[in-house]
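Quick notes on the structure that follows.
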Amino acid sequence: GEEVAQTPKHLVRGEGQKAKLYCAPIKGHSYVFWYQQVLKNEFKFLISFQNENVFDETGMPKERFSAKCLPNSPCSLEIQATKLEDSAVYFCASSSRQGEDTQYFGPGTRLTVL
Amino acid sequence: GQSLEQPSEVTAVEGAIVQINCTYQTSGFYGLSWYQQHDGGAPTFLSYNALDGLEETGRFSSFLSRSDSYGYLLLQELQMKDSASYFCALHHNTDKLIFGTGTRLQVFP
């Protein structure tokens, strides 16, 4: 597609439950990035992929967060045992090549942990 | 570490010019970008500076000075629809974006 697609739009989980978010990058884009935005404030980089390979995972809280980009499937971000502080909007972005100046963002998934 | 500071809020009237500053501390980066985000929306790319100097894109211009660790976004002929949050972001060498603290721009009639 011509836009980055993210599902679901909203997700509500009780503390300790699992959450799984999905992202379909723009067709032809080989780089995918995940960012977390808490309370409309700063964005925190989580992880990036080059095709199905992890490119940079320096932002991932590895204890509970995991992510995958498999061929012919949407990329996914999974949070095991969610905590209240995981409540945020999770944005996925894609770009076509390394060093490209523009990242194209999806509409985000709003995760609320109760 | 890397940090980027922006003013939290800027106000202006329609038709005016406004400058949003971004000061940063970092050990290295490829370039500086600017993104716009309306409430509840996705960030959208506005401008990118790989080199020092001014880049102009329509009503928006962006400036970078690596020696001063400083950049700014200049918005001209402000319109009501420009009311949004604006973020500067450094491009790390792995292409991840390190975002600034964000500036909320309010345009009044």
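Summary table
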{"item": "Exclusive hit being among the acidic types (Asp, Glu) and either within 12 Å of the chain's Cα centre (by Cα) or not in a strand (DSSP E or B) (or both), set B:GLU77, B:GLU56", "result": "B:GLU77"}
{"item": "B:GLY40 within 13 Å of another protein chain (Cβ to nearest Cβ), outside any strand (DSSP E or B) and either surrounded by fewer than 13 Cβ atoms within 10 Å (Cβ to Cβ) or modelled with pLDDT under 95 (or both)", "result": "yes"}
{"item": "Evaluation of B:SER67 against (1) within 25 Å of A:PHE33 (Cβ to Cβ); (2) away from chain A (no Cβ under 14 Å) (one fails), failing number", "result": "(1)"}
{"item": "Residue in segment B:18-30 that is open to solvent by 10 Å² or more (accessible area, probe 1.4 Å), within 11 Å of chain A (Cβ to nearest Cβ) and not acidic (Asp, Glu) present", "result": "yes"}
{"item": "Complete set of residues in segment A:41-63 that are open to solvent by 40 Å² or more (accessible area, probe 1.4 Å) and without any contact (Cβ under 8 Å) to a residue 40 or more places away in the chain", "result": "A:ASN41, A:GLU42, A:LYS44, A:ASN51, A:GLU52, A:ASN53, A:VAL54, A:PHE55, A:GLU57, A:THR58, A:LYS62, A:GLU63"}
{"item": "Checklist (1) in a loop (DSSP other than H, G, I, E, B); (2) at pLDDT 95 or above; (3) within 15 Å of A:PHE43 (Cα to Cα) applied to B:PRO7, failing item", "result": "(3)"}
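The values are calculated or read from the model by the stated rules, or taken from the named source; none is laboratory data. Worth saying up front: this structure is predicted, and the values here are computed from it rather than measured. Note that each Cβ is placed from the backbone with ideal geometry, even for glycine, and that neighbours are counted across all protein chains shown. Heads up: the accessible areas ignore ligands, DNA and RNA and are worked out on the full protein's heavy atoms, side chains in. Shrake-Rupley method; radii C 1.70, N 1.55, O 1.52, S 1.80 Å.
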